[in-house]
Amino acid sequence: SEYGGETLHGPAYGPTSHSTAASSNPSSSSAFRHVVPSRQIVERQPRMLDFRVEYRDRNVDVVLEDTSTVGDIKHILENELQIPASKMLLKGWKTGDVDDSTVLKTLHLPKNNSLYILTPDLPRPSSSHSGALQESLNQNFMLIVTHREVQREYNLNFSGSSTIQEVKRNVYDLTSIPVRHQLWEGWPPSATDDSMTLAVSGLSFPCHRLTVGRRSSPVQTREQSEEQCTDVHMVSDSDGDDFEDATEFGVDDGEMFGVASSALRKSPMMPENAENEGDALLQFTAEFSSRYGDCHPVYFIGSLEAAFQEAFYGKARDRKLLAIYLHHDESVLTNVFCSQMLCAESIVSYLSQNFITWAWDMTKEANRARFLTMCTRHFGSVVAQTIRTQKTDQFPLFLIIMGKRSSNEVLNVIQGNTTVDELMMRLMAAMEIFSAQQQEDIKDEDEREARENVKREQDEAYRISLEADRAKREAQEREMAEQFRLEQIRKEQEEEREAIRLSLEQSLPPEPKEESTESVSKLRIRTPSGEFFERRFLASSKLQVVFDFVASKGYPWEEYKLLGTFPRRDVTQLDPNKSLLEVKLYPQETLFLEAKE
């Protein structure tokens with residue numbers, strides 16, 4: 001992932017459709033594809049710039065071409081705010097104050113800009129403003145503060161009545177960075193005094209992002225170090241904008257004090273024998289910020305392999321170009337290149353939007369040899385030899401790398417003797433090549449994903465079909481098992497009933513003969529199916545014998561009623577221990593069976 005700082009939204013230059021041509025630089029090699037867009041075509045297409053202008057409690061959005069002037073912005077604001085343009089002081093320009101005739105294109109602005117208006121000659125409204133101010137003082141602000149060196153984020157709550165100084169002291173407690181050594185980015189342009197409350201400082205409500213790091217002080221001699229450091233930081237706390245703007249005019253810290261720059265630098269950009277590339281890049285970033293300010297490319301913290309992974313190996317839509325910045329402290333071009341070109345807001349914004357930026361310090365021989373080894377491994381010996389033959393005064397170098405399916409291609413090597421416009425055009429030309437390749441990769445990736453989706457859908461349909469077949473088979477097996485179980489129960493019940501019937505049949509007394517001398521009762525029984533069966537019983541036999549006889553024929557008295565005809569009665573309700581004579585089933589009777597409900 002990318003390292004620290006606030007995200008710069010939107011590219012400084014929009015997509016272009018200009019043609020490209022190969023560079024004719026004699027130092028170029030066949031391993032590089034040098035592309036420079038046609039300057040005439042680029043200049044013919046004006047850029048659209050977005051401005052958010054803050055005035056008291058209002059924000060006005062202005063969009064216009066970069067061929068317009070500062071006076072054009074004031075004219076639009078005059079109509080919107082009903083303030084005479086002559087009374088406006090338009091502030092917030094990163095290049096210092098400008099006049100109304102200044103053409104925006106000459107300021108090399110990013111796409112998105114924030115400005116604010118001062119009207120010292122106009123009175124401020126009292127009642128409504130005081131009410132809004134009181135409301136702001138009672139609000140709570142969430143400050144999301146990122147500690148740049150350790151990449152740790154703190155969520156801090158402050159009331160609107162808290163001061164900027166109180167915020168800095170709280171951050172000192174969390175980060176151990178003294179207030180005078182704190183180097184901030186993200187404060188609104190109106191936050192010019194540490195005694196100012198958050199309510200009037202112009203912070204975004206309810207949440208505002210800030211970044212803090214440790215300022216490395218320039219030193220001259222061991223005896224002068226402490227005094228020099230204190231003076232510089234006190235100036236930074238009270239008038240930080242003036243101090244940071246010094247590098248925008250190519251003035252090195254050493255030149256301000258009349259001493260050679262190399263003599264003033266407190267520490268090298270990178271340790272000579274760092275075991276971990278991530279730790280080396282942390283020191284590089286901190287030292288770069290201390291020398292050239294916080295407006296600089298966001299350097300990737302990690303190994304070169306990790307930077308490749310971040311830039312080239314995600315989804316095609318998320319891939320970016322890789323920019324490798326090779327620093328050299330002994331080159332006469334380094335200070336101007338870093339302060340005026342690499343830290344220009346347009347370049348910083350464009351790199352943040354479209355590139356992963358990785359850096360290395362080539363000053364020390366051990367670090368130089370280490371990078372050339374990495375270069376040979378990743379780009380081949382031709383590229384490594386090209387960089388090896390670069391003279392010190394040709395540094396810094398800016399390598400533009402594009403990831404391809406089988407290898408990593410070096411699109412361009414930009415030397416330190418360039419301008420902001422030329423650097424931007426070469427970055428845009430590389431982006432044009434990359435965008436064409438990226439569109440092909442996106443198309444291939446979409447087609448591959450479509451094929452994989454179809455295959456996944458087919459596999460899922462096949463799986464669902466198998467699952468349905470399996471469920472159907474299991475349901476059939478369960479149904480068959482249930483039928484088998486019920487059949488077994490039915491058979492067992494039939495066998496049990498047959499056994500009971502046989503037992504009853506065998507236990508019945510023998511049927512008396514017609515010529516018997518004893519009193520005999522003759523019973524005729526009709527079944528539910530209409531059939532009849534007859535039998536003779538001794539009149540002295542108990543009624544239970546009749547029930548057992550009927551049950552032996554398959555009609556147990558628990559399931560069937562035995563009904564008489566004249567009079568109609570339910571015989572099964574009579575006492576089974578009484579004789580047939582007693583229940584008046586003598587000498588003969590016709591009965592019929594009926595199933596119980």
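Need pairs with beta-carbon distance below 7 Å; first residue closer than 10 Å to PRO297 by Cα and touching a residue at least 60 places away in the same chain (Cβ under 8 Å) and within region 335-348, second open to solvent by 20 Å² or more (accessible area, probe 1.4 Å) and in a helix (DSSP H, G or I); sequence gap 6+ or separate chains.
ALA344/VAL420; ILE347/VAL420
Please enumerate the residues belonging to region 338-375 that are in contact with a strand residue (DSSP E or B) (Cβ under 9 Å, 6 or more places away or on another chain) and aromatic (Phe, Trp, Tyr).
Selection gives PHE355, TRP358, TRP360, PHE371.
Quick check, is PHE371 surrounded by fewer than 22 Cβ atoms within 10 Å (Cβ to Cβ), hydrophobic (A, V, I, L, M, F, W, C) and within 25 Å of ILE442 (Cα to Cα)?
Values: surrounded by fewer than 22 Cβ atoms within 10 Å (Cβ to Cβ): yes; hydrophobic (A, V, I, L, M, F, W, C): yes; within 25 Å of ILE442 (Cα to Cα): no.
No.
Answer with yes or no whether PHE312 is buried (at least 17 other Cβ atoms within 10 Å of the Cβ), among the aromatic types (Phe, Trp, Tyr) and modelled with pLDDT of 90 or more. Can you show your working first?
Details: buried (at least 17 other Cβ atoms within 10 Å of the Cβ): yes; among the aromatic types (Phe, Trp, Tyr): yes; modelled with pLDDT of 90 or more: no.
Taking the combined requirement at face value, the residue does not satisfy it.
Going through GLU492, GLU467, GLU477 one at a time, which residue ends up being under 30 Å from VAL550 (Cβ atoms) and more than 29 Å from the chain's Cα centre (by Cα)? Please lay out each step first, then the result.
Working: GLU467 fails: under 30 Å from VAL550 (Cβ atoms); GLU477 fails: under 30 Å from VAL550 (Cβ atoms).
The conditions single out GLU492.
Filter region 59-81 down to the residues that are open to solvent by 30 Å² or more (accessible area, probe 1.4 Å) and in a strand (DSSP E or B) and list them by number.
Step one: list which residues in region 59-81 are open to solvent by 30 Å² or more (accessible area, probe 1.4 Å), which gives 59, 61, 63, 65, 67, 69, 72, 75-76, 78-80.
ASN59, ASP61, VAL63, GLU65, THR69 - these are the residues of region 59-81 that are open to solvent by 30 Å² or more (accessible area, probe 1.4 Å) and in a strand (DSSP E or B).
Listed here are the residues, each with its yes/no results for (1) in contact (Cβ under 8 Å) with a residue 12 or more places away in the chain; (2) in a loop (DSSP other than H, G, I, E, B).
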| residue | (1), (2) |
| --- | --- |
| TRP360 | yes, no |
| ALA366 | yes, no |
| ALA369 | no, no |
| MET374 | yes, no |
| VAL413 | yes, no |
| THR418 | yes, yes |
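Test each condition in (1) in a loop (DSSP other than H, G, I, E, B); (2) within 36 Å of the chain's Cα centre (by Cα) for VAL332 and report the one that comes out false.
Every listed condition holds for VAL332 apart from (2).
Out of curiosity, is SER552 surrounded by fewer than 17 Cβ atoms within 10 Å (Cβ to Cβ) and hydroxyl-bearing (Ser, Thr, Tyr)?
Numbers: surrounded by fewer than 17 Cβ atoms within 10 Å (Cβ to Cβ): no; hydroxyl-bearing (Ser, Thr, Tyr): yes.
No.
Within region 315-325, can you find the residues that are open to solvent by less than 10 Å² (accessible area, probe 1.4 Å) and more than 22 Å from MET269 (Cβ to Cβ)?
First pass over region 315-325, keeping only residues open to solvent by less than 10 Å² (accessible area, probe 1.4 Å): 316, 321-325.
ALA316, LEU321, listed by residue number.
Looking only at residues in region 350-368 that are open to solvent by 30 Å² or more (accessible area, probe 1.4 Å) and more than 22 Å from the chain's Cα centre (by Cα), which one is nearest to GLU330 (Cα to Cα)?
Going residue by residue through region 350-368, those that are open to solvent by 30 Å² or more (accessible area, probe 1.4 Å) are 353, 363-366, 368.
Next, from what is left, pick out any that are more than 22 Å from the chain's Cα centre (by Cα): 363-366, 368.
Numbers: THR363: 7, LYS364: 10, GLU365: 12, ALA366: 15, ARG368: 13 Å.
Once the filter is applied, the top-ranked residue is THR363.
Select from region 176-199 the residues that are among the β-branched types (Val, Ile, Thr) and modelled with pLDDT of 85 or more and write down the one among them that is least open to solvent (accessible area, probe 1.4 Å). Even if it seems obvious, please write down each step before you answer.
Narrowing region 176-199 to residues among the β-branched types (Val, Ile, Thr): 177, 179, 192, 197.
Next, only the ones that are modelled with pLDDT of 85 or more stay: 177, 179, 197.
Values: ILE177: 3, VAL179: 29, THR197: 35 Å².
So the residue we want is ILE177.
Could we say that ILE117 is farther than 28 Å from SER339 by Cα and either in contact (Cβ under 8 Å) with a residue 12 or more places away in the chain or part of a loop (DSSP other than H, G, I, E, B) (or both) here? Explain how you work it out, then say what you get.
Values: farther than 28 Å from SER339 by Cα: no; either in contact (Cβ under 8 Å) with a residue 12 or more places away in the chain or part of a loop (DSSP other than H, G, I, E, B) (or both): yes.
Against the criterion (farther than 28 Å from SER339 by Cα and either in contact (Cβ under 8 Å) with a residue 12 or more places away in the chain or part of a loop (DSSP other than H, G, I, E, B) (or both)), ILE117 does not qualify.
Name the single residue that is modelled with the highest pLDDT among those in region 480-524 being open to solvent by 100 Å² or more (accessible area, probe 1.4 Å) and under 25 Å from PRO587 (Cβ atoms).
The selected residue is PRO510.
Could you say whether any residue in region 394-411 is touching a Gly at 6+ places or on another chain (Cβ under 8 Å), farther than 30 Å from SER552 by Cα and part of a helix (DSSP H, G or I)?
Taking every residue of region 394-411 in turn, at least one turns out to be touching a Gly at 6+ places or on another chain (Cβ under 8 Å), farther than 30 Å from SER552 by Cα and part of a helix (DSSP H, G or I).
Scanning for something of a type in the set (D, E, K, R) and assigned to a loop (DSSP other than H, G, I, E, B), does region 175-194 turn up at least one residue? Quick ask: steps written out before the conclusion?
Let us first name the residues in region 175-194 that are of a type in the set (D, E, K, R), namely 180, 185, 193-194.
Next, from what is left, pick out any that are assigned to a loop (DSSP other than H, G, I, E, B): 193-194.
Scanning region 175-194, I find at least one residue that is of a type in the set (D, E, K, R) and assigned to a loop (DSSP other than H, G, I, E, B), so the answer is yes.
Could you tell me which numbered condition SER161 fails, if it satisfies all but one of (1) at pLDDT 85 or above; (2) open to solvent by 60 Å² or more (accessible area, probe 1.4 Å); (3) assigned to a loop (DSSP other than H, G, I, E, B)?
Checking SER161 against (1) at pLDDT 85 or above; (2) open to solvent by 60 Å² or more (accessible area, probe 1.4 Å); (3) assigned to a loop (DSSP other than H, G, I, E, B), the one that fails is (1).
Mind listing just one residue for me: the one in region 277-307 that is in contact with a strand residue (DSSP E or B) (Cβ under 7 Å, 6 or more places away or on another chain) and of a type outside the set (A, V, I, L, M) and, of those, surrounded by the fewest Cβ atoms within 10 Å (Cβ to Cβ)? Talk me through it step by step, then tell me what you get.
Our first condition is that a residue be in contact with a strand residue (DSSP E or B) (Cβ under 7 Å, 6 or more places away or on another chain); within region 277-307, this holds for 281, 284-286, 289, 294, 297-300, 304, 307.
Cutting the leftovers down to of a type outside the set (A, V, I, L, M) gives us 284-285, 289, 294, 297, 299-300.
Working: PHE284: 24, THR285: 24, SER289: 24, ASP294: 21, PRO297: 25, TYR299: 24, PHE300: 25.
Looking at the filtered set, the residue picked out is ASP294.
Kindly establish whether ILE442 is over 30 Å from TYR555 (Cα atoms), surrounded by 14 or more Cβ atoms within 10 Å (Cβ to Cβ) and touching a Ser or Thr at 6+ places or on another chain (Cβ under 9 Å). Steps first, answer last, please.
Values: over 30 Å from TYR555 (Cα atoms): yes; surrounded by 14 or more Cβ atoms within 10 Å (Cβ to Cβ): yes; touching a Ser or Thr at 6+ places or on another chain (Cβ under 9 Å): no.
When the stated conditions are applied, ILE442 does not pass them.
What tally of residues in region 374-402 results from selecting those that are open to solvent by 20 Å² or more (accessible area, probe 1.4 Å), within 19 Å of SER303 (Cα to Cα) and not basic (Lys, Arg)?
So the count comes out to 4.
Give region 418-439 a look and list any residue that's open to solvent by less than 30 Å² (accessible area, probe 1.4 Å) and among the charged types (D, E, K, R), or say none.
Result: ARG426, single match.
Could you list all residues from region 82-99 that are open to solvent by 30 Å² or more (accessible area, probe 1.4 Å) and not hydroxyl-bearing (Ser, Thr, Tyr)? I'd like the intermediate steps shown before the answer.
Let us first name the residues in region 82-99 that are open to solvent by 30 Å² or more (accessible area, probe 1.4 Å), namely 82, 84, 86-87, 89, 91, 94-95, 97-99.
GLN82, PRO84, LYS87, LEU89, LYS91, LYS94, ASP97, VAL98, ASP99, listed by residue number.
Output yes when any residue across region 39-58 is surrounded by 15 or more Cβ atoms within 10 Å (Cβ to Cβ), at pLDDT below 85 and farther than 18 Å from LEU115 by Cβ, and no when none is.
Within region 39-58, one or more residues are surrounded by 15 or more Cβ atoms within 10 Å (Cβ to Cβ), at pLDDT below 85 and farther than 18 Å from LEU115 by Cβ.
The values are calculated or read from the model by the stated rules, or taken from the named source; none is laboratory data. Because the structure is predicted, anything quoted here is derived from the model rather than measured. Glycine also receives a Cβ, built like all others from the backbone with ideal geometry; neighbour counts cover every protein chain displayed. Surface areas here come from the heavy atoms of the whole protein model, side chains and all, with no ligands, DNA or RNA. Shrake-Rupley method; radii C 1.70, N 1.55, O 1.52, S 1.80 Å.
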